[in-house]
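Notes to accompany the following structure.
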Amino acid sequence: MSPSLIQPNLACRIRSLDENSSARLAQMGILPGVEMQIVRTSPFGSGTVEVMVGGADIVAIRSDEIAAMDCDLVAVPLSSPIIEPGVYRVASIAGGSGLRSKMSDLGIVEHATIEILRASPLHIAVNGDEVRLGRGEADKVVVEAHGGS
Amino acid sequence: MADHDVSVAIASIPNTGKTTIFNRLTGSRQSVGNWPGVSIQKAVGHFSLGEYDVELIDLPGAYSITPTSEEERIVLDFFLQEPPDVLLNVLDARNLYRGLGFTLQMSESGIPLVVAVNMMDEARRTGLDLDLDVLSEHLACPVVPIVGRTGEGVPNLKEALYDVIKSPRRRQPFVSQPPVVEAAVADLSRQIERSNTSKGLSEGFLALRALEADPVFEEHPAMADIRAAASAWRHKIEDTTGSGVPTVCAQCRFNSARGLVLEATHSKPPLPDALSEKLDRILLHRWLGLPLFAIIMLAVFEGVYGLGAPLQSWLADVFSSVGNGLSQATSGLPSLLQSFVVDGLWQGLATVASFFPIILLFFLFMSIIEDSGYMARAAFLMDRLMHRIGLDGKAFINLLLGYGCNVPAIMGTRVLSGRHNRIRAMLLIPFTLCSARLQVFVFLSAILFSRSVAPWVVLGMYALSFLVIIAVGLLLKALRVAGPAEPFIMEIPPYRVPTVRTVAMRSWFELKDFLYRAGTLIAVGVVFVWLLTHLPPGVEVASASSYAGILGRFFEPIFRPLGIAWQGTVALLFGFIAKEIMIGAFALIYPGDLTAQISSHVTALQGLSFMVFTLMYTPCVATLSAIRAEARSWKVTVGALILGLGIAWASALAVYQIGSLFL
């Protein structure tokens, strides 16, 4: 996976592991088919990353390790560099109740379909209305990925 | 009827509360040693179970028998070389999936197994409802719910162990594997069966070990014969499946594990622990995380040394008043012998004892940090920074606490993962400016520098200490000392409240351990320095004609370029016992008005060079003993000594020579 994609709220499914560097991961049950979600990145430049594995528990891992994996993207936040104009389905809103209700007022709720008009700055169309989202909001609105990494 | 001896090994993945259960079962009947040739602690305990006398061996935390870390290699060796009669596996109720991979591997071994599912209380609290009978049925072994922290379920666990010891069952669970793996295991099993050397382990288990890794075979007698066959199968499996045997087998085990978890889970809380999630939002916050970490570390530092220092000085008073009594009681003896008893032997004991309060407090706080789950968070926060100097995040705490005292910081390296991290941390910790060195710097800078300059000199020493640690860290990294780093993967466990019992027991065992392992060496070191400074008989203590003085003058050519006279060298020799003793040593070396003597004999620049040397040169005898005890290697111990001396000499030389150009 490209290191530039590593950011909180990104979710991906492991396709294959690097045999040498990931021997340890394999023995911990972090194997092809398992879904990982990036929870947060460390201070001092995001060299170390917290990931939720299989929706159950959290491990800290270096981002080189993730970059060496072959992954299928499952969900990406709208601020991800991979986001291009097009139609997406909202996977989740990774924020508190304040953000959720604000997004909900705009019509951005789970499973809603939105259209990205411009990726940066972010212009989207929801239910026919054009909306602009700030960077902080775009970090937390997560959409289903179109596949590939 | 005589007691029957049974060996039970307790094994699990890290963070399942294995040690708590070990302590619950054995109480205080345990001894601590090391696994052969490595720096990893081996605890063995005893308890009786009906007519059986059980020896319980605490295996290091490992994710599998397939070795990817030093701990796992130990577990593998143990299985192959001295398979126990019964295995006790511990699972964390909140994360069965991760633990079951190892459980399945253990149950393949053919050794009768008992599984304890720990932390049932926390699982219940979060709403997790597990059906352990399903697990028991599939794993073909007893599965007992327990709460290690409170002892709930421990009697049931003992009962289950008793039953298995009495009537061992050797049924194995079924783990489906690709046909090529099955064929390989069947073929190799037949060959192993023919050679009849499986030592009670199942042939299939040995066959899998043979397939996974080559070098294993030299360590098991039967296996040399099937090496070639195993290697051929290995290549075939790699060609067929497209990945290595360890990964293929892990995939099979974890597929089974996933199915088992699905079956055994009646209802499941939605996400990882909600409380942990909330706490982490604050404690690991991008901007708040580090300041909070700094505050917590400050509190720990103050807790260990703020509470420890008064206790230490109280203990020192007790020892010195007993020492006074001792010197009166021995006044009939020849003065040299009397001095040997009081200043040599007794001083040695006092030095060992002086570490008790801080070691106790250090491990008290370390256990709290570790058991609460904050250690993993701290490691996460600092990992990026520490990675640059070739360590992982956890080592930061050791280095930081080294600024109080190196000895507990070195002992604390045992919580680090991987020999690589442990050895490198042990080599770096001696460059931290411990409180003993601080005393020397405050003392000397007050004499040699004006009141406005002196604090800056001390501060400069701190800065120098940071710089040296970074430089030496980079050097060790570039030289690949202690091998390349193991990949950093660390579980972030949910927060939990540590129990008084666990914390207290841990601190107590660590203290005992220090006494056994490092105590003697420290005392010997102190006596050795006494011999150097008091002999040959009749000399003035530490004078030019004592062995220490002779040594000091002998080495003068080496120290002259640093601006250190032979008197300084003798003081450094004393500093080997404990750096703060140097102040007392100056009093011996420069009799009379100490301040006037020092300021007339030593220039400011010479003093500075001396301080730089003191900061970095050989760790004190207690630190070296701790390194020896932790690393289990004279090579590392001598390495620490030479590294310190070499860097101290070069740095002091640079300070003195460059300084001389300007002054």
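The values are calculated or read from the model by the stated rules, or taken from the named source; none is laboratory data. Treat the numbers as computed from the prediction; the structure is a model and nothing was measured. Every residue, glycine as well, gets a Cβ built from its backbone with ideal geometry; the counts of neighbours run over all protein chains shown.
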Open item on the list: Here is a list: A:ILE66, A:ILE38, A:ILE14, A:ILE58. Which entry is outside any loop (DSSP other than H, G, I, E, B), buried (at least 20 other Cβ atoms within 10 Å of the Cβ), facing another protein chain (nearest Cβ under 7 Å) and aliphatic (A, V, I, L, M)?
Closed with: A:ILE58
Task: Among (1) touching a Phe, Trp or Tyr at 6+ places or on another chain (Cβ under 9 Å); (2) modelled with pLDDT under 85 - the single one B:LEU433 does not satisfy - done: (2)
TODO: Residues being under 14 Å from B:LEU76 (Cβ atoms) and either free of Cβ contacts under 8 Å to residues at least 40 places away in the same chain or touching a Pro at 6+ places or on another chain (Cβ under 6 Å) (or both): count how many of those fall in segment B:41-60.
DONE: 1
Task: Residue among B:ASP392, B:ASP383 that is charged (D, E, K, R) and modelled with pLDDT under 85 - done: B:ASP392
Open item on the list: If I filter segment B:258-267 for residues that are within 11 Å of chain A (Cβ to nearest Cβ) and buried (at least 17 other Cβ atoms within 10 Å of the Cβ), do I get at least one hit?
Closed with: yes
Task: Subset of segment B:394-409 that is within 16 Å of the chain's Cα centre (by Cα) and over 20 Å from B:ALA471 (Cβ atoms) - its residue that is nearest to the other protein chains (Cβ to nearest Cβ) - done: B:LYS394
Open item on the list: Considering only residues that are modelled with pLDDT of 90 or more and farther than 10 Å from B:ASP53 by Cα, which ones fall in segment B:1-17?
Closed with: B:VAL8, B:ALA9, B:ILE10, B:ALA11, B:SER12, B:ILE13
TODO: May I ask you to verify whether B:THR520 is at pLDDT below 80, of a type in the set (Ser, Thr, Tyr), more than 27 Å from B:VAL636 (Cβ to Cβ) and not in a loop (DSSP other than H, G, I, E, B)?
DONE: no
Task: B:PRO246 vs. criteria in a helix (DSSP H, G or I), buried (at least 16 other Cβ atoms within 10 Å of the Cβ), modelled with pLDDT under 90 and within 9 Å of chain A (Cβ to nearest Cβ) - done: yes
- [ ] Could you please find all residues in segment B:441-466 being farther than 24 Å from B:GLY584 by Cβ, more than 38 Å from the chain's Cα centre (by Cα) and part of a helix (DSSP H, G or I)?
- [x] none
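One line per residue, one yes/no per condition, for (1) of a type outside the set (Gly, Ala, Ser); (2) surrounded by 16 or more Cβ atoms within 10 Å (Cβ to Cβ); (3) at pLDDT 85 or above:
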{"position": "B:LEU307", "(1), (2), (3)": "yes, yes, yes"}
{"position": "B:VAL318", "(1), (2), (3)": "yes, no, yes"}
{"position": "B:LEU336", "(1), (2), (3)": "yes, no, no"}
{"position": "B:VAL341", "(1), (2), (3)": "yes, yes, no"}
{"position": "B:ILE359", "(1), (2), (3)": "yes, yes, no"}
{"position": "B:ALA376", "(1), (2), (3)": "no, yes, yes"}
{"position": "B:GLY404", "(1), (2), (3)": "no, yes, no"}
{"position": "B:ALA409", "(1), (2), (3)": "no, yes, yes"}
Task: Subset of segment B:129-155 that is under 33 Å from the mean Cα position of the chain (by Cα) and in a helix (DSSP H, G or I) - its residue that is surrounded by the fewest Cβ atoms within 10 Å (Cβ to Cβ) - done: B:PRO155
- [ ] Sort through B:GLU510, B:GLU491, B:GLU486 and tell me the only one that's within 14 Å of chain A (Cβ to nearest Cβ), on the phi < 0 side of the Ramachandran plot and surrounded by 19 or more Cβ atoms within 10 Å (Cβ to Cβ).
- [x] B:GLU491
Task: Breaking point among (1) within 14 Å of another protein chain (Cβ to nearest Cβ); (2) closer than 21 Å to B:VAL342 by Cα, for B:LEU532 - done: (1)
- [ ] Test B:LEU288 against the criterion of being within 14 Å of chain A (Cβ to nearest Cβ), buried (at least 16 other Cβ atoms within 10 Å of the Cβ), among the hydrophobic types (A, V, I, L, M, F, W, C) and within 33 Å of the chain's Cα centre (by Cα), and give yes or no.
- [x] no
Task: Pairs with Cβ under 6 Å, 6+ apart, first in segment B:363-382 and within 14 Å of chain A (Cβ to nearest Cβ), second part of a helix (DSSP H, G or I) and among the basic types (Lys, Arg) - done: none
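If a residue counts only when it is farther than 30 Å from B:ILE423 by Cβ, which strands (runs of 3 or more DSSP E) contained entirely in segment B:27-128 have at least 1 such residues?
Numbers: elements: B:30-34, B:41-49, B:52-58, B:86-92, B:113-118.
Passing ranges, in order: B:41-49, B:52-58, B:86-92, B:113-118.
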Task: Residue under evaluation B:GLY332, criteria (1) outside any helix (DSSP H, G or I); (2) surrounded by 15 or more Cβ atoms within 10 Å (Cβ to Cβ); (3) not hydroxyl-bearing (Ser, Thr, Tyr), criterion not met - done: (2)
Task: Residue among B:GLN597, B:GLN567, B:GLN606 that alone is modelled with pLDDT of 85 or more and either of a type outside the set (A, V, I, L, M) or farther than 22 Å from B:TYR656 by Cβ (or both) - done: B:GLN606
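Looking at A:VAL53, is it over 24 Å from B:MET382 (Cα atoms), β-branched (Val, Ile, Thr) and under 17 Å from the mean Cα position of the chain (by Cα)?
Considered against the rule, which asks whether it is over 24 Å from B:MET382 (Cα atoms), β-branched (Val, Ile, Thr) and under 17 Å from the mean Cα position of the chain (by Cα), A:VAL53 comes out as no.
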Task: Test: residue in segment B:467-479 that is within 30 Å of A:MET69 (Cβ to Cβ), surrounded by fewer than 19 Cβ atoms within 10 Å (Cβ to Cβ) and touching a residue at least 60 places away in the same chain (Cβ under 8 Å) - done: yes
Task: Among (1) in contact with a Leu (Cβ under 7 Å, 6 or more places away or on another chain); (2) surrounded by fewer than 21 Cβ atoms within 10 Å (Cβ to Cβ); (3) farther than 20 Å from B:ILE583 by Cα; (4) away from chain A (no Cβ under 14 Å), the one test that B:ILE389 misses - done: (4)
- [ ] Could you please find all residues in segment B:584-594 being under 30 Å from B:THR520 (Cβ atoms) and at pLDDT below 75?
- [x] B:GLY584, B:ALA585, B:ALA587, B:LEU588, B:ILE589
Task: All positions within segment B:415-464 that are in contact with a helix residue (DSSP H, G or I) (Cβ under 7 Å, 6 or more places away or on another chain) and of a type in the set (Lys, Arg) - done: B:ARG419, B:ARG422, B:ARG424, B:ARG437
TODO: Considering every residue within segment A:94-114, establish whether at least one is at pLDDT below 90, within 21 Å of A:MET52 (Cβ to Cβ), of a type in the set (A, V, I, L, M, F, W, C) and not in a helix (DSSP H, G or I).
DONE: yes
TODO: Give the residue that is surrounded by the fewest Cβ atoms within 10 Å (Cβ to Cβ), with candidates limited to residues of segment B:95-126 that are touching a Pro at 6+ places or on another chain (Cβ under 7 Å) and within 14 Å of another protein chain (Cβ to nearest Cβ).
DONE: B:THR126
Task: Candidate set from segment A:19-31 (those that are within 7 Å of another protein chain (Cβ to nearest Cβ) and surrounded by fewer than 18 Cβ atoms within 10 Å (Cβ to Cβ)); member that is nearest to B:GLU486 (Cα to Cα) - done: A:SER21
Open item on the list: Please go through (1) surrounded by 21 or more Cβ atoms within 10 Å (Cβ to Cβ); (2) of a type in the set (Ser, Thr, Tyr); (3) in contact with a strand residue (DSSP E or B) (Cβ under 8 Å, 6 or more places away or on another chain) for B:SER64 and return the number of the only condition it doesn't satisfy.
Closed with: (3)
